[in-house]
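Novice: Input: one structure, supplied below.
The values are calculated or read from the model by the stated rules, or taken from the named source; none is laboratory data. Keep in mind that what you see is a predicted model, and the values were worked out from it rather than measured. Ideal geometry is used to build each Cβ from the backbone, glycine not excepted, and the neighbour counts take in all protein chains shown.
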Amino acid sequence: MSQKPAPVSYGGQAVIEGVMFGGRHVNVTAVRRKNNEIKFLEVPREDKSLILRLRKIPLLRGIISLIDSSIKGSKHLNFSADAYADDSLDPEEREKQKEKEDSGWSLSMIIGVAAVSVLSFVFGKLLFTLVPVFVEDFLFGDIIDNYIIRNLIEGGIKLLLLLIYLWAISQTPVIKRLFQYHGAEHKVISAFEAGEELTVKNVQKYTRLHYRCGSSFMMLTIVLGVVVYSIVPWDNLTERVIQRIVLLPVVLGISFEFLKLTNSLREVPVLRYLGYPGLWLQLLTTKEPTDDQVEVSIASFNRMRELDAQFERAATAKPAAGSVLDPAKG
């Protein structure tokens, strides 16, 4: 008897005026152009065997997934930024922009870097791991001796800075729309997991919050970081900074495993509340999407599923070497 393939836990990310979804064999981004056309970027997944093996190792797989998704996601962010920049220019400016792209920073490059900075968890960790250490040391270094209490205060400062940062950027029009597409991404995944037909009306019924979101991951690194950092004592600021850097991969790995655990327990009474802090953070990182935005998210998800199915059929038929996608599109 043939074994049924394991269900896929689909994930994605919001991009400028669109959504990217990752499947088994392909990553697809759909963006809404100014003329209302939906444009796609289709990139076949080419995971190396080493990466696939590392993704099966507990603790390590979280770090590998983070790095891998950051690398692959940048291509889709740049694609959406280029489309957004192109739509923002009139024909004459567009021609001038093409001449500048070879010699310096273009508008699309600036927007692309800004988008990556907002969405990239790596950027967030560089900012929110060490800055609270220096702030806490400046405010309480001469007052409190207990390093565990100081770790708790540091965690509180880290959370406060994160909330202020997310609230501030959510006030800008571009990021507000980005967070709306983030909500649209979550709604589509939730509707699919519930077995709903993916129509705008059906998808809009679902919550914009989801247990597997990277926002939940950010919250977990703050909470679990306090626990991990409290295991290893430190005596001065230098030791503390070194400890944070050395233990950061441990915090990331544990947070990833805990996120998987909370997702698997979300239907269990009482235990489901373990994931609530991450869901609360998503109240800032997601916004209610419009019907047009949900339409783009559905288009991206359906195209990803369609291309995944093509890959599965091609693998079953064992065709001649080649890809069902044009690699140039990626």
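Novice: Need pairs with beta-carbon distance below 7 Å; first residue without any contact (Cβ under 8 Å) to a residue 24 or more places away in the chain and within region 269-284, second in a helix (DSSP H, G or I); sequence gap 6+ or separate chains.
Specialist: 274/262
Novice: Answer yes or no: is there a residue in region 194-205 that is more than 14 Å from residue 281 (Cβ to Cβ), surrounded by 18 or more Cβ atoms within 10 Å (Cβ to Cβ) and of a type outside the set (Val, Ile, Thr).
Specialist: no
Novice: Then there's this: Of (1) within 19 Å of residue 309 (Cβ to Cβ); (2) of a type in the set (S, T, N, Q); (3) surrounded by fewer than 21 Cβ atoms within 10 Å (Cβ to Cβ); (4) at pLDDT 80 or above, residue 9 satisfies all except one. Which?
Specialist: Residue 9 satisfies all of (1) within 19 Å of residue 309 (Cβ to Cβ); (2) of a type in the set (S, T, N, Q); (3) surrounded by fewer than 21 Cβ atoms within 10 Å (Cβ to Cβ); (4) at pLDDT 80 or above except (4).
Novice: Taking only pairs six or more apart or across chains, which ones have beta-carbon atoms under 7 Å, a first residue in region 129-140 that is under 13 Å from residue 237 (Cβ atoms) and touching a residue at least 40 places away in the same chain (Cβ under 8 Å), and a second residue that is hydrophobic (A, V, I, L, M, F, W, C) and surrounded by 15 or more Cβ atoms within 10 Å (Cβ to Cβ)?
Specialist: Within 7 Å, the pairs are 130/241; 133/241.
Novice: Which one is surrounded by the fewest Cβ atoms within 10 Å (Cβ to Cβ), of the residues in region 228-281 that are among the β-branched types (Val, Ile, Thr) and farther than 23 Å from residue 130 by Cα?
Specialist: Residues of region 228-281 among the β-branched types (Val, Ile, Thr): 228, 231-232, 238, 241-242, 245-246, 250-251, 254, 262, 268, 270.
Keeping just the survivors that are farther than 23 Å from residue 130 by Cα gives 262, 268, 270.
Details: 262: 22, 268: 10, 270: 7.
Out of the qualifying residues, it is 270.
Novice: Another one. Tell me which of these residue 209 doesn't satisfy, since it passes every other one: (1) over 18 Å from residue 66 (Cα atoms); (2) touching a helix residue (DSSP H, G or I) at 6+ places or on another chain (Cβ under 9 Å); (3) loosely packed, with under 15 Cβ neighbours inside 10 Å.
Specialist: (3)
Novice: Ok, one more. Can you tell me which residue within region 202-223, out of those that are in a loop (DSSP other than H, G, I, E, B) and of a type in the set (S, T, N, Q), is nearest to residue 267 (Cα to Cα)? Don't jump to the end; show me each part of the working.
Specialist: Within region 202-223, the subset in a loop (DSSP other than H, G, I, E, B) is 204-213.
Pick out the ones that are also of a type in the set (S, T, N, Q) and you get 204, 207.
Values: 204: 22, 207: 15 Å.
Ranking the candidates gives 207 first.
Novice: While we're looking at this one, here's another question. Name the residues in region 150-186 that are more than 19 Å from the chain's Cα centre (by Cα) and either surrounded by 15 or more Cβ atoms within 10 Å (Cβ to Cβ) or touching a residue at least 12 places away in the same chain (Cβ under 8 Å) (or both), would you?
Specialist: 150, 151, 152, 153, 154, 155, 157, 158, 161
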